[in-house]
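Asks: I'd like to ask some things about the structure below.
The values are calculated or read from the model by the stated rules, or taken from the named source; none is laboratory data. None of the values given here were measured: they were computed from a predicted structure. Here the Cβ positions follow ideal geometry from the backbone for every residue, glycine too, while neighbour counts run over all protein chains shown.
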Amino acid sequence: MPGTKHTLPLVFALAMAVEANGASAEALHMDVKLEPGSFAGLLDALQNELSIEPADQPSEAGGQTRQVQWGNFPNFPNFLNCFSGNWRNC
Amino acid sequence: MQPRLIILQPTPYCNIACSYCYLSHRNDRTLMSAPVVDAVRDKIIAKLPRDSSAGIVWHAGEPTAAPIRWYEDAYERLEPVRPPASNFAMQTNGVAVDDRWIELFRRTRTEVSLSIDGPERFHDARRLTRNGKPTWHLAMRGLKRLQDAGFRPRVITVLHPDGLPCADEYFEFYRTNGISDISFSVDEMEGSNTASSFQGADHKAAITKFIVAVLKLAYENQYPLHIREVERIAGILSGAPVSGNELVEPWAAVVVAADGSLSTYSPELMEVTAPEYRNFVFGNILSDDLAGIGDSVSFTAASREIAKGVDACKSCRYFDICGGGSPVNKYCEHGSLSAAETEFCRLTTQAAADALLDFLSAHADSTPGLLQRNREKIPSRTVGKGAAHVPIETLV
């Protein structure tokens, strides 16, 4: 669908990675020149938990629908199954 | 020369009159002619590599001010030569979006991005009709129609200093209205907008704080809000390929106005009075080829100065996530394309980068963090592989 985003925000994944790694504020190198790839190692520890697993299940209309769940974000709505209306009603 | 962004302006006309608009021709009802569309097809789109994923964007004035039948004709001309991975997009104020427009977007797989400046009181303070009436309800009606049709439009929000202490209001606005893909900007001093609301004081820290607050609310509420600038920087720092700054790379972005005027670097440049660069109109698609324009005096001079400006940016802490800034802001703020830092840099790219780092730093000391709290909540029965996944029946 045009304009649809189905991904976990990367900034959330990085925040969880920082929590998991117990990284200190100093480790984020706040005061040096920002370099591409400098956070690459942060995500390694969470690789499995950040994977997105799709699952097929019957839709209300009777067909199959593909659903997605974000690891460690159980409250996230299922956007693939929520094409209209208010997020809270999904 | 491989354009990654092709910005087409079907008409300079706009159906509303935002107080911060930089468009000096927004009363001009000129409509891009069929020969101009054909020239865009033959000289730009047909010459894209077959694996090009270029974006073809209908842009300012207000693109829905052009009739739907005009687009039907334009798509018919352009679609046959478009590389399969390229895509059409439209940046609109949403005021005129109705079922007929949605049908066009659906049929042509056009991505839609809406300009909505957040909650009603902030939006309606500056985005008004030509008669001075508020437009928030009209824009929200367009958003709702698009959402009901299955679209998830990105929303671009232009910030004002008055809104910066109200991050919670903005977050609630996005969440309540199912908006999960947003972009923040500031009103810029360029074109006919001769003064920015951010002039006169340093607002960088306040914008940073605002973005951090929005991120925190989204994270704690587990609402998947994508802030385009933050996500882009997070991607670069995480090792994603850097696509480069098309604002400083000749012809990475191509701009074609309704009358066929051609420019590059950024669409706003054509709104700037700069005789030394022919007002940044480097040619006309009806009479010129992009390759031939490369030899023109005005283009060569502008390119040389822009390259100097990129060099001047190289010592900046943010250079690797920015790539050399925005020439139009350099010119409008400093009168020179070879300048380095601008207020626009500080209030957009730099503020977004600082917000990302501040947000992540806060998580370094959060005990237990959301990750830990959710790990404790998640039941053991799972779907898929990996112990962190929850039963699908708990999701619906």
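Asks: Condition (residue is part of a helix (DSSP H, G or I), away from chain A (no Cβ under 13 Å), under 30 Å from B:Cys322 (Cβ atoms) and at pLDDT 55 or above) applied to the stretch B:348-365: is it met by at least one residue?
Replies: yes
Asks: In the stretch B:68-93, what residues are surrounded by 15 or more Cβ atoms within 10 Å (Cβ to Cβ) and either in contact with a Ser or Thr (Cβ under 7 Å, 6 or more places away or on another chain) or of a type in the set (Asp, Glu) (or both)?
Replies: B:Tyr75, B:Pro83, B:Ser86, B:Phe88, B:Ala89, B:Met90, B:Gln91, B:Thr92, B:Asn93
Asks: Then there is this: Within the stretch B:153-187, how many residues turn out to be in contact (Cβ under 8 Å) with a residue 24 or more places away in the chain, surrounded by fewer than 19 Cβ atoms within 10 Å (Cβ to Cβ) and of a type in the set (Val, Ile, Thr)?
Replies: 1
Asks: Going by the conditions given, is B:Gly235 surrounded by fewer than 18 Cβ atoms within 10 Å (Cβ to Cβ) and within 25 Å of B:Arg317 (Cβ to Cβ)? Don't jump to the end; show me each part of the working.
Replies: Working: surrounded by fewer than 18 Cβ atoms within 10 Å (Cβ to Cβ): no; within 25 Å of B:Arg317 (Cβ to Cβ): yes.
So B:Gly235 does not fit the description; no.
Asks: Just need a number here: residues in the stretch A:1-26 that are closer than 9 Å to B:Ala364 by Cα and either loosely packed, with under 14 Cβ neighbours inside 10 Å or modelled with pLDDT under 65 (or both).
Replies: Total satisfying the criteria: 4.
Asks: When the residues of the stretch B:3-59 are narrowed to those that are part of a loop (DSSP other than H, G, I, E, B), under 25 Å from B:Glu249 (Cα atoms) and among the small types (Gly, Ala, Ser), which ends up nearest to the chain's Cα centre (by Cα)?
Replies: It comes out as B:Ala54.
Asks: To continue, here is another question. Only one of B:Ser183, B:Ser192, B:Ser196 is among the small types (Gly, Ala, Ser), within 30 Å of B:Gly335 (Cβ to Cβ) and modelled with pLDDT of 95 or more; which?
Replies: Values: B:Ser192 fails: modelled with pLDDT of 95 or more; B:Ser196 fails: modelled with pLDDT of 95 or more.
One residue alone meets the criteria, B:Ser183.
Asks: Can you run down the residue pairs with Cβ atoms below 7 Å, 6 or more apart or on separate chains, where the first is in the stretch B:130-152 and more than 13 Å from every other protein chain (Cβ to nearest Cβ) and the partner is among the hydroxyl-bearing types (Ser, Thr, Tyr)?
Replies: B:Thr135/B:Thr129
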